[in-house]
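J.: Can you keep this structure in mind? I'll have questions shortly.
The values are calculated or read from the model by the stated rules, or taken from the named source; none is laboratory data. The structure presented is a predicted model; accordingly, all values stated were derived computationally and were not measured. Virtual Cβ from ideal backbone geometry, glycine too; neighbours counted across all protein chains shown.
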Amino acid sequence: MKKQLLSGALSIIMLGLLVISSCTKEASDVAPSANRVTIGNSENSCVTLLAGRNINAGTVCFEDEDTDGDGYVDMLRVCYNTINGWELTEAHLFIGNSMTEIPMTRSGNPIPGQFPYKSGDITGLTTYCFEIPFSEIGMVCPNPGKNYVVAAHCAMRKPNGTGGYQTETGWGAGERINTKGSWGTYFEIVVSCDERPPVNTCSETAFAMDQNGSAICFSEFGEFVNNPNRWGWTNGPLVEGDYTFELWAGAGQCNLSNGARVGELVVRYRDGIADVTYNVFTPYSLKEVHLYVGNNPLATSNNGPHPEYTLAPGQYPIVSGLLGEGTTDANYVVENLSGEIYVVAHASVYGFDCE
């Protein structure tokens, strides 16, 4: 069982005059990780997505995540979110060490089609995320801080009310790449890693598992998920009633012999309402919680016409953020449910040696 922890912090420093949004979004689209992402000195984690140079069409949001549960953040997620009827048709993202690395024409205009991260055709989506392993951008924790330049481009459309669409180019707000050419923009982010915590305060990834047979290991979903290497369980389908599941930490590949039972999850489902409570045993405590309850076996990573299942806890509808020191229980209520449901309950649990 891996028992190391180095929490990460991602701050975004904007260059020049930059529009900073309030980053209003659905929790299921872009949920904050345990490692708070900030822009400048604000509490925001997003920049404004501008359409046609001056139309507020949404946000480009950032978070870092520990994808393998070893306590080290190892991935950067960048999500485009549209508002006010705007839709995405494609997205292109550049992240590198300097502005000079951005693909450009000889006259200095950016070439989004040559950016390293491309969505392909995503016509009609209102949210799209790139998941970028730290290894691809040369980021290794521990690290006092590494600067990156980001250029976030997309093509957008909005129904015009007459059966057609208004189409615009979109960019994450920042400084002009070419002050005399196209209006494409860039901004700067700083990815840093916090200091290692004291011994015995490291955390492990934990998931609830129905020992009575309804649990389905994530590996069973194979190609139907966007990140098939994660471990954990979805539990269901569940009819209305009371359930108590075991909470297991560090059980890689859903192998209980690899992990430790650290608590339980109590689910009370009645009249379309699910009351869900996490309880952990001494000496463990809760660091953060991510919860999905719904009719599909898994959460989805977008709300477009072709949603994709996701195993990333940061994209679940309910995200606690960092809980108070010594927290041993947490309760959540999910309403407007019907029929048979599934429950995916994730937690990061303190109480493991930092070996």
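J.: Given the condition out of contact with any helix residue (DSSP H, G or I) (no Cβ under 9 Å at 6 or more places or on another chain), modelled with pLDDT of 50 or more, over 26 Å from Leu298 (Cβ atoms) and surrounded by fewer than 23 Cβ atoms within 10 Å (Cβ to Cβ), answer yes or no: does some residue in region 57-76 qualify?
T.: no
J.: Assuming Val191 fulfils every condition listed in (1) of a type in the set (A, V, I, L, M); (2) modelled with pLDDT of 90 or more; (3) buried (at least 17 other Cβ atoms within 10 Å of the Cβ) apart from one, which condition is it?
T.: So Val191 meets the others, but not (2).
J.: Can you find a residue that is on the phi > 0 side of the Ramachandran plot, in contact with a Lys or Arg (Cβ under 9 Å, 6 or more places away or on another chain) and buried (at least 17 other Cβ atoms within 10 Å of the Cβ) anywhere in region 245-254?
T.: yes
J.: Do you know which of the residues in region 95-111 that are among the β-branched types (Val, Ile, Thr) and crowded, with 18+ Cβ neighbours inside 10 Å is farthest from Thr185 (Cα to Cα)?
T.: Ile95
J.: Only one residue in Ile273, Ile318 is of a type in the set (A, V, I, L, M, F, W, C) and under 22 Å from the mean Cα position of the chain (by Cα). Which one?
T.: Going through Ile273, Ile318 in turn, just one is of a type in the set (A, V, I, L, M, F, W, C) and under 22 Å from the mean Cα position of the chain (by Cα): Ile318.
J.: In addition: Of these, Val276, Val239, which one is loosely packed, with under 14 Cβ neighbours inside 10 Å and at pLDDT 90 or above?
T.: Residue meeting the stated conditions: Val239.
J.: If we keep just the residues of region 298-354 that are more than 17 Å from Pro283 (Cα to Cα) and among the charged types (D, E, K, R), which is modelled with the lowest pLDDT?
T.: Out of the qualifying residues, it is Glu308.
J.: Going by the structure shown, is Gly161 in contact with a Lys or Arg (Cβ under 8 Å, 6 or more places away or on another chain), in the same structural domain as Arg106 (by TED's automatic domain parsing) and either among the small types (Gly, Ala, Ser) or surrounded by 21 or more Cβ atoms within 10 Å (Cβ to Cβ) (or both)?
T.: no
J.: Now for a separate question. Report whether or not Leu88 is aliphatic (A, V, I, L, M), over 16 Å from Gly314 (Cβ atoms) and modelled with pLDDT under 50.
T.: For Leu88, the condition - aliphatic (A, V, I, L, M), over 16 Å from Gly314 (Cβ atoms) and modelled with pLDDT under 50 - is not met.
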